[in-house]
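So the structure is just underneath, and the comments pick up after that.
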Amino acid sequence: MAEVLVYVDHVDGAVRKPTLELLTLARRLGDPVAVALGAGAGATAGVLAEHGAVKVLTDEAAEYADYLVVPKVEALQAAVAAVSPVAVLVPSSAEGKEVAARLALRITSGIITDAIDVEAGESGPVATQSVFAASFTTRSIVTTGVAVITVKPNSAPVEAAPAAGTVEALTVTFSAQATGTKVTGRTPRESTGRPELTEAAIVVSGGRGVNGAENFAVIEALADSLGAAVGASRAAVDAGWYPHSNQVGQTGKSVSPQLYIASGISGAIQHRAGMQTSKTIVAINKDAEAPIFDLVDYGVVGDLFDVVPALTAEVSTRKG
Ligand code: FAD
């Protein structure tokens with residue numbers, strides 16, 4: 001059976017959810033072979049095997065942390081040479097997309113980024129993308145080389161599929177270019193305790209209708225009751241009410257959660273561009289004519305300061 005490489009996103013051996021989603025998609029194409037790099041790579045094998053990895057290629061060299069992305073690209077290149085896969089699946093994070101693009105150049109392959117689905121086709125893997133602010137859905141295949149595909153978080157379910165998960169050491173010889181840019185320091189961002197915006201299963205966002213930084217507490221309370229991440233429209237970010245790192249949209253982050261709740265957001269095309277592939281969209285807006293209502297699954301016409309706290313109370317009651 002054909003093999004499919006899956007690039008593992010992990011922190012010190014803790015595998016992040018988008019990688020497990022990639023394993024679900026990889027199993028549609030062939031036997032998943034995971035590539036885990038850096039400190040703790042060996043510790044990822046158990047969970048990867050539980051989700052379908054027949055093999056886990058690991059390398060814990062210090063270079064992956066000490067330098068920018070090129071060592072990771074060279075490791076994936078070595079894995080492609082060792083395995084001859086039909087596809088390489090990479091999470092669509094900022095780093096994942098950079099790694100994938102550089103890999104595709106190195107191995108002279110086509111690349112498809114930000115896929116929302118991947119399936120087997122007659123001429124190889126077929127990737128689905130949502131383009132032009134989700135006005136169109138495209139299906140594409142890679143016609144040159146190995147299909148390098150980056151996949152958005154929350155595009156596939158996480159499924160248990162026990163497999164051998166045999167661990168093998170990946171041998172990588174780094175070029176001078178790989179160690180050309182050294183990381184001299186890392187400052188972790190202060191943690192809010194909430195999930196990462198682009199990976200969250202639920203996102204609760206606030207816009208200009210929230211009307212002030214202090215009022216975002218209402219949005220945060222609903223988010224916390226649901227275990228969700230907090231997003232914001234550009235209007236809210238430009239007003240200084242919420243950090244830019246939480247902006248959703250064309251010039252912010254692209255999210256694709258199971259549930260997106262937009263409060264006091266009109267639904268401008270640039271905001272839609274970042275959230276329109278969400279599975280279920282709920283909007284709360286006091287203007288029944290707001291364009292956001294054109295794309296929602298559930299809409300509430302009302303004042304967010306009434307509706308959002310009522311929702312939070314209801315969620316909290318049901319959680320007991
Ligand atoms: P508004 O459009 O002002 O809408 C506020 C909404 O809140 C209204 O519908 C109103 O009815 C409702 N409301 C008010 N009070 C209440 C209340 N008490 N209860 C319930 N509802 C209430 N925007 C983004 O979001 N992300 C981007 O990445 C982005 N990138 C852009 C890039 C470019 C190049 C450009 C030109 C624009 C970009 N924008 C982006 C801006 C975008 O065009 C809109 O201006 C912005 O999304 C509007 O934000 P908003 O919906 O919060 O505000």
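With only alpha-carbon atoms counted, please give the Rg and Dmax of the stretch 4-70, in Å.
11.4, 35
What accessible area per residue comes out for the stretch 178-254, rounded to a whole number of Å², with a 1.4 Å probe?
On the way: 3930 Å² over 77 residues.
Accessible area per residue, the stretch 178-254: 51 Å².
With N residues in the stretch 104-208, what two-decimal value do you get for its Cα radius of gyration over 2.2 N^0.38 Å?
1.46
Ordering 314, 196 by how much accessible area each has at a 1.4 Å probe, largest first, what is the list? Mind dumping the intermediate values first?
Working: 314 85, 196 55 Å².
Accessible-area ranking of 314, 196, largest first: 314, 196.
Over 32 Å between C-alpha atoms is what I'm after, so list which of 17/182; 97/319; 286/319; 72/253 land there. Write down the numbers at each step before the final one.
Values: 17/182 28 Å; 97/319 38 Å; 286/319 28 Å; 72/253 24 Å.
Cα-Cα > 32 Å for 97/319; rest within.
Sorting 1, 275 by accessible area (1.4 Å probe), largest first, what list results? Numbers along the way, then the final one.
Values: 1 170, 275 0 Å².
The ordering from most to least exposed comes out as 1, 275.
By per-residue mean of other Cβ atoms within 10 Å, what is the highest-first order of 199-207, 11-19? It would help to have the intermediate numbers written out before the result.
Working: 199-207: 25.9, 11-19: 17.0.
For the peptides 199-207, 11-19, the packing ranking is 199-207, 11-19.
Once amide H atoms are placed 1.01 Å from N in the peptide plane, what residues at a sequence separation of 5 or more from residue 113, or on another chain, have their amide H within under 5 Å of its amide H?
Result for residue 113 returns 150.
Just to be sure I understand the curve: with the Debye formula and one point per C-alpha of the stretch 23-107, what is log10 I(q)/I(0) at q = 0.14, 0.15, 0.16 Å⁻¹?
-0.46, -0.54, -0.62
At R0 = 30 Å, how high is the FRET efficiency between residue 128 and residue 214 if r is their beta carbon distance? Nearest 0.05 is fine. The partial results should precede the final answer.
Details: r = 41 Å, r/R0 = 1.38.
The calculated FRET efficiency here is 0.15.
Counting only helical runs of four or more DSSP H residues, what would the 222 nm mean residue ellipticity of the chain come to if each run contributes -39,500 (n - 2.57) and the total is spread over all its residues?
Rounded to the nearest 500, the figure is -8000 deg cm²/dmol.
When the scattering of the chain is computed by the Debye formula from its Cα atoms alone, each counted once and equally, what is log10 I(q)/I(0) at q = 0.08 Å⁻¹?
-0.40
List the residues whose amide H sits under 5 Å from the amide H of residue 206, counting only those 5 or more places along or on another chain, with H placed 1.01 Å from N in the peptide plane.
For residue 206, the qualifying residues are 231, 232, 233, 263.
Radius of gyration and Dmax for the stretch 265-305's Cα atoms, expressed in Å?
Cα radius of gyration and Dmax of the stretch 265-305 are 9.6, 27 Å respectively.
Give the Rg/Rh ratio for the stretch 210-249, taking Rg as the radius of gyration of the Cα atoms and Rh as the Kirkwood radius, to two decimals.
Details: Rg = 9.7 Å, Rh = 10.2 Å.
My calculation of the ratio gives 0.95.
First compute the accessible area of the chain with a 1.4 Å probe, then give the percent of it belonging to carbon and sulfur atoms.
On the way: 7410 of 14420 Å².
Result for the chain: 51 percent of the exposed heavy-atom area is carbon or sulfur.
³J(HN,Hα) across the stretch 77-87 via Karplus (A = 6.51, B = -1.76, C = 1.60, θ = phi - 60°), whole Hz, x for Gly/Pro?
Values per residue, Gly and Pro as x: 4, 5, 5, 4, 5, 6, 10, 6, x, 7, 7 Hz.
So what is log10(I(q)/I(0)) for the stretch 27-179 at q = 0.18 1/Å, when the Debye sum runs over its Cα atoms only?
With no solvent term, the Cα-only Debye profile gives -1.16.
If we sort 162-170, 208-216, 146-154 on the protection proxy, mean other Cβ atoms within 10 Å, highest first, what's the order? Numbers along the way, then the final one.
On the way: 162-170: 14.9, 208-216: 16.7, 146-154: 26.1.
Going from most to least packed, we get 146-154, 208-216, 162-170.
What residue among 136, 174, 305 shows peak mean-square fluctuation when the chain is described by a Gaussian network model with Cα springs under 10 Å?
136
Gap in Å between the Cα centre of the stretch 77-147 and the Cα centre of the stretch 216-280?
Between the Cα centres of the stretch 216-280 and the stretch 77-147 lies a distance of 27 Å.
Each residue of the stretch 303-320 in turn: what ³J(HN,Hα) in whole Hz from Karplus with 6.51, -1.76, 1.60 and θ = phi - 60°, glycine and Pro shown as x?
7, 4, 6, 8, 6, 5, x, 5, 5, 4, 5, 5, 4, 5, 4, 5, 6, x
May I ask you to evaluate 6.51 cos²θ - 1.76 cosθ + 1.60, the Karplus curve with θ = phi - 60°, for each residue of the stretch 247-253 and list the ³J(HN,Hα) values in order in whole Hz, giving x for glycine and proline?
6, 9, x, 4, 9, x, 9
Report, largest value first, the span of the C-alpha coordinates of the stretch 179-320 along each principal axis, in whole Å.
Rounded to whole Å, the extents work out to 55, 37, 29 Å.
The values are calculated or read from the model by the stated rules, or taken from the named source; none is laboratory data. Since we're looking at a predicted model, the values are computed, not measured. Don't worry about glycine lacking a Cβ; one is built from the backbone with ideal geometry, like all the others, and counts go over all protein chains shown. Areas reflect the complete protein model, heavy atoms only, side chains present, ligands, DNA and RNA absent. Shrake-Rupley method; radii C 1.70, N 1.55, O 1.52, S 1.80 Å.
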